[in-house]
Amino acid sequence: MLESLPLLSLILFSPLIGVLILLFVPKHKRKPLQTIAILTTLIPLVLGAMLLLQFDGVNSSVQMEEELKWIQPLTYFNYHFAYQLGVDGISLPLILLTAFIATAAAFASVFIKKRWKLFFILLLLLETGIFGVFMARDLLLFFIFFEFTLVPMFFLIGIWGEKRRERAANYYLIYNGLGSAIMFIVFMMLIFTVGYDISTSSYTSSFDVIKSNALDPSVFKFDFEELKTWMFVLLLIAFGIKLPMFPFHTWVVKVHREAPPAVVMIHSGILLKMGAYGLIRFGYEIFPEQAVEWATVLAVIGVINFLYGALLALMQNELRSILAYSSISHMGIVLMGLAAGNALGMQGAVFQLISHGLISALLFLIVGSIAERTRTTALPELGGLAQRMPFLSGVFLFAGLASLGLPALSGFVAEFMSFAGLFEQMPVLAAIGSIGIVLAAVYMLRAVLAITFGNLHAQHQSLKDVRMMEAIPMVALTAVIIVLGVYPALLTSIVEQGMAFYVMVKGG
Amino acid sequence: MEQYFNQYIIVAIFIIIGIALPFGALTAGKLLRPKAPTKEKQTTYESGNEPVGLSQVQFNVRYYMFALLFVIFDVETVFLYPWAVAYQELGLFALIEMLIFVSLLVVGLIYAWKKKVFEWDSI
Amino acid sequence: MDTRLFAADLLDMLPELTLFIAIIIISLLDLFWPKNASKKGIGVLTLIALIVSAGFLIYQRIHLDGVISLLNDSYLVYHYGILFKLIVLLGVSLIVMMSFGAIRDKDIPHIGEYYVLLMPAALGAMIMASSADIITLFIGLELLSISSYILVALRKHHTKSNEAAFKYIVLGSIASAFILYGMSFLYGMGGSTNLFQIGATLQSLESSFHPMIYVSFFLLLVGFGFKLAAAPFHTWAPEVYSAAPTPVVSFLAVISKAAMLIFMFMFLPVYFVPLDPVQNLTIYSDVVLTLHVVAAISMIVGNIVALMQKNVKRLLAFSSIANAGYFLVVLSTDRPGELVYYLVAYLLMTIGIFAVVTALENSAEHQDISIFSGLYFTAPVTAVMTVILLLSLAGIPLTMGFLGKFFILLGVIQVKTYWLAAIMIVSSVISFYYYFRIIRLMFMRSHSEHTTIKVPVTTMIVIAICVVATIFFAFFPQYMLSFIEWT
């Protein structure tokens, strides 16, 4: 019976149940609002676990596919678009990560001090949007969800952020709007070049049709050959903005700095991953040849991202900014892994997506805890927090170590795999890139030590350690980071399945 | 194509003549007439009366109302006259058409009446 | 071709005749309306007349079989014509409903005339949608234009409004003159006032006539661009929009545009004149290029200048200029189905947002963009609905506005006009900024001026209809698309 359930749709729309309930709860009652929100985020988490159990790790095709006709061709209107979902080894971990971090963010919303009702509604809407992005097997559907996430994020940054929140919200909106605009043009070009579905004799945005048409040399492709390099480069830019890829990274720093911690957990933990996911899904799967051609460029950009982010992180005196640049730096690892193009590097890239999602969520949870108590995140104004908040400081140190890639933690596995992959293909670039690992250790430890050790400031004498609501997600995130670090095969076995397509294409 | 433009040449000739004629007539008159201006000759000609006040005065806006109403009936007559002349040939259909036309004008008349256009002090 | 009109043919004109008779009866009723009775009754009667006319149209649509041609093609009953007329009637009905709460005695002394005049304007648009003869088209256009001149001037004790109305009349007449002049060229070359015959004759003309064909198109384009408010013929729009009564503004933004689109839709096929049979070149491809250029200028100017506006109605004026650009794009791709879909989307979101503006400006007594401040705190339901309308205008997914733009873009990409697609999509990203500025005001600013906002029930109904339809047809576009193509 369980097999017949539309599990993906259930996960996708389960947050909306919470939205409906929340609409009828009085807006000044914080406790029930948050309880409902947390409980709602648990539903996709549980369903996600079921999904994981049902997932067939050996079979390399897309699984759990669901399809509903949406727009069908007419006489003159010869397109058809469908509501089409599915998971494979790349999207499954990201769906689980989304469910997990959304729950953590719901816990972390203890830091939110006003307008809870709207906050939770938007948070749950955002969760649905992100699920949709990772599940969609149709270009139009993907775009709809991708663009839809802009709206709740705009509100979340603009209402609950720091002083210059509205500016940050605008930056977010315009940069991502441009990114998705470019992506949209490419998608439409794909629809007309390789989206012709013979079975319905109409154009479609179905990913499977487009992919098989693009890869099948026997299919007549209208203008595809002339345009495909352009399309790949445009996709690279479009997803590069989201990723973020140097030089399109400025908005990310602003959002990290201004958005409330619970939102940054989602933003840095999941939303940035949408860029990398899109690049793999559409860039690599549809344009494998171009991906190989452009690998060097990608690798160079990755190395720049990695070093540039690390250097700038080193120069910041404010915790949020350090973490923002560290995010940029870590996304460089993803790019390097993708550029490597071999099984090891690609898996490392996806591993890094998950690992960085977990670690940055944990770090921003800690930022939230610190900011709530001390009302500052500037390094000079903080110090000696270990004396008053030993638990928090311990978790912070752990997160810092995970971030800089300490062995036996998830960050190490990801970095190791990506670098090992790149060394195989482009040893020089990899060698240059590895300087960044040292830099990462320096900036991360500098921040952690400056905050936890040293002299405790006079006004921070009466600080209390974390509450239960903050401790629960911290412990959970920590646990997962350790498990993935100790037993990476748990993740790599799934990712391997999703990567099979690419290695196959490259090999053949 | 050339034929098409040739037809415009006739129009162009008309325009040129139209512009040239007043110029020519006035110039000819100027050349022929004796010139002996007096003060009275230079005043504005108003049917022999002495001009009073400024020449640029505002007309009362009420006159425009009357002018508009006049146009309605004027146009009505313009249409009624040829219809009446050709009544024999046109027959019943034209009669009905004309009735519709007149009744539409009557609606306009009723409108004007109710809006007190016919009363001098309505504005 | 039969040029005679029989009584039975009148049945095919029933929707128009209904309105025509209603105009006479209601305007007479208005004269004998009791002095102290509310003039809303006139509005209700107008609404009933519009709905009855729409009912006849739907009946016509159901029983339509091919094309019915009367009076030597000067009056056609056909598929897209009926759709356009339905859109016009839907728009005018919504505007009438919005007016119940928005039009106030102190603003407009002649409320009865206001409602009555909406009908000839709608009738003009309907005549345009239904004729393939340049004279009938022009009569429809003038009926629409003259009615809208008066509608714009209705705030007669408002100096700014009078100034704007005067400019509108003068410029509008010039635009009409341009159109007429362009038509005269077509008549001169085609030897007929019938568009089909003109089209047929033009194809066989020798090439020395081609410059004249271009001249006729550019003359038409000037008038057309003016009435559509497409840049660079848009300068009247911000002023007239900010000075005219808001329901009238929504009329100009929606109905006038729709009418001009059907006007151009009828005219464009005339220009399928072969230039070079070897390279498959026609004058039409130059016409399309011109439309593209005007569209690009409109989208860029509209969306960029809108960024700097402080007056809501001016902002929406520039937004409608940008939308004129989108319409030109879809017009040039010759895809009537997509045109109708986006037209309905535009109608719903524009009328909805203007309905919100009427309620807010009436309670704040000014039109600064700050009327939106803190709306979420004072009227949360209205605020959320406004957000949906704005998202639709901005083209964010899950709204009709998004799908409409998507369909337009598909058409453009299919003919490989990538530069235009790029301009369209980037300029709509720019438009995010000003639409979201309103959202920011509603949700992120405190409510300084007005503590309570009363949205009249009828206005609320209009907003709700617009929002629900915007969402519904975004989730189920199939219903509308198959209705559009239903034969």
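Of the residues screened, B:L109 is one that is closer than 30 Å to C:D30 by Cα and assigned to a helix (DSSP H, G or I). If you go through region C:337-362 and keep only what is among the hydroxyl-bearing types (S, T, Y) and either closer than 23 Å to C:A102 by Cα or more than 14 Å from chain A (Cβ to nearest Cβ) (or both), you end up with C:Y346, C:T350, C:T358. Taking the conditions (1) assigned to a helix (DSSP H, G or I); (2) away from every other protein chain (no Cβ under 14 Å) in turn, A:P217 satisfies each one other than (1).
In region C:452-464, the qualifying residues are those that are of a type in the set (A, V, I, L, M, F, W, C) and in a helix (DSSP H, G or I), and the one that is nearest to the other protein chains (Cβ to nearest Cβ) is C:A464. Sort out which residues of region C:393-437 are surrounded by fewer than 23 Cβ atoms within 10 Å (Cβ to Cβ), among the small types (G, A, S) and more than 9 Å from chain A (Cβ to nearest Cβ), and write them in order of number. Listed by number, the residues that qualify are C:G411, C:S427.
Give the residue that is modelled with the highest pLDDT, with candidates limited to residues of region C:399-434 that are in contact with a helix residue (DSSP H, G or I) (Cβ under 7 Å, 6 or more places away or on another chain) and not in a helix (DSSP H, G or I). Residue satisfying both the conditions and the ranking: C:T399.
Going by what's in this entry, would A:I304 be described as more than 19 Å from the chain's Cα centre (by Cα) and surrounded by fewer than 24 Cβ atoms within 10 Å (Cβ to Cβ)? Against the criterion (more than 19 Å from the chain's Cα centre (by Cα) and surrounded by fewer than 24 Cβ atoms within 10 Å (Cβ to Cβ)), A:I304 qualifies.
So is B:E46 out of contact with any Ser or Thr (no Cβ under 7 Å at 6 or more places or on another chain), of a type outside the set (K, R) and within 13 Å of another protein chain (Cβ to nearest Cβ) or not?
No, not satisfied.
Checked against (1) charged (D, E, K, R); (2) touching a Leu at 6+ places or on another chain (Cβ under 8 Å); (3) exposed (fewer than 10 other Cβ atoms within 10 Å of the Cβ), B:E76 meets all criteria but (3).
Restricting C:S285, C:S184, C:S176, C:S242 to residues that are surrounded by 20 or more Cβ atoms within 10 Å (Cβ to Cβ), part of a helix (DSSP H, G or I) and hydroxyl-bearing (S, T, Y) narrows the list to C:S242. In region C:186-224, which residues are more than 10 Å from chain B (Cβ to nearest Cβ) and among the aromatic types (F, W, Y)? Correct list: C:Y187, C:F196, C:Y214, C:F217, C:F218, C:F224. Here C:F372 clears all of (1) within 25 Å of C:S93 (Cα to Cα); (2) touching a Leu at 6+ places or on another chain (Cβ under 6 Å); (3) surrounded by 22 or more Cβ atoms within 10 Å (Cβ to Cβ) except the condition numbered (1).
Considering region A:407-508, the qualifying helices (runs of 4 or more DSSP H), each wholly inside and each with 2 or more residues that are at pLDDT 90 or above, closer than 30 Å to A:V62 by Cα and among the β-branched types (V, I, T), run over A:468-486.
Taking A:L445, is it among the aliphatic types (A, V, I, L, M), free of Cβ contacts under 8 Å to residues at least 60 places away in the same chain and more than 30 Å from A:W294 (Cβ to Cβ)? Criteria met by A:L445. Checking each residue in region A:191-209 for being within 10 Å of another protein chain (Cβ to nearest Cβ) and part of a helix (DSSP H, G or I) picks out A:I191, A:F192, A:T193. Residues that are of a type in the set (S, T, N, Q) and either touching a residue at least 60 places away in the same chain (Cβ under 8 Å) or touching a strand residue (DSSP E or B) at 6+ places or on another chain (Cβ under 9 Å) (or both): does region C:325-332 have at least one? No: region C:325-332 contains no residue that is of a type in the set (S, T, N, Q) and either touching a residue at least 60 places away in the same chain (Cβ under 8 Å) or touching a strand residue (DSSP E or B) at 6+ places or on another chain (Cβ under 9 Å) (or both).
Within region C:128-139, restricting attention to residues that are surrounded by fewer than 24 Cβ atoms within 10 Å (Cβ to Cβ) and of a type outside the set (D, E, K, R), the residue that is nearest to C:I25 (Cα to Cα) is C:I139. The residue that is farthest from the chain's Cα centre (by Cα), among those in region C:231-272 that are β-branched (V, I, T) and more than 18 Å from C:P120 (Cβ to Cβ), is C:V270. The criterion of at least 2 residues that are modelled with pLDDT of 90 or more is met by the following helices (runs of 4 or more DSSP H) wholly inside region A:293-392: A:295-315, A:319-340, A:343-374.
So that you can scan it fast, the table gives a plain yes or no per residue for (1) without any contact (Cβ under 8 Å) to a residue 60 or more places away in the chain; (2) over 25 Å from C:F432 (Cβ atoms):
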position	(1), (2)
A:L96	yes, yes
A:K117	no, yes
A:L122	yes, no
A:G129	yes, no
A:L139	no, no
A:F143	yes, no
A:P152	yes, no
A:L156	no, no
A:G161	no, no
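Considering only residues in region A:78-104 that are of a type outside the set (V, I, T) and farther than 22 Å from A:D208 by Cβ, the one that is nearest to the other protein chains (Cβ to nearest Cβ) turns out to be A:A102.
Consider C:V215 carefully, then state whether it is under 25 Å from C:A322 (Cβ atoms) and touching a helix residue (DSSP H, G or I) at 6+ places or on another chain (Cβ under 9 Å). No; evaluated as a whole, the condition is false for this residue.
Within region C:465-487, the residues that satisfy the criterion of being more than 10 Å from chain A (Cβ to nearest Cβ) and touching a residue at least 24 places away in the same chain (Cβ under 8 Å) are C:I465, C:C466, C:V467, C:A469, C:T470, C:I471, C:F473, C:M480. Considering only region B:79-101, I want to know if a residue exists there that is within 14 Å of chain C (Cβ to nearest Cβ), within 24 Å of the chain's Cα centre (by Cα) and in a helix (DSSP H, G or I). Yes: region B:79-101 contains one or more residues that are within 14 Å of chain C (Cβ to nearest Cβ), within 24 Å of the chain's Cα centre (by Cα) and in a helix (DSSP H, G or I).
C:K106 meets each of the listed conditions (1) closer than 28 Å to C:T350 by Cβ; (2) in contact (Cβ under 8 Å) with a residue 24 or more places away in the chain apart from (2).
The values are calculated or read from the model by the stated rules, or taken from the named source; none is laboratory data. Because the structure is a prediction, the values reported are computed rather than measured. Note that each Cβ is placed from the backbone with ideal geometry, even for glycine, and that neighbours are counted across all protein chains shown.
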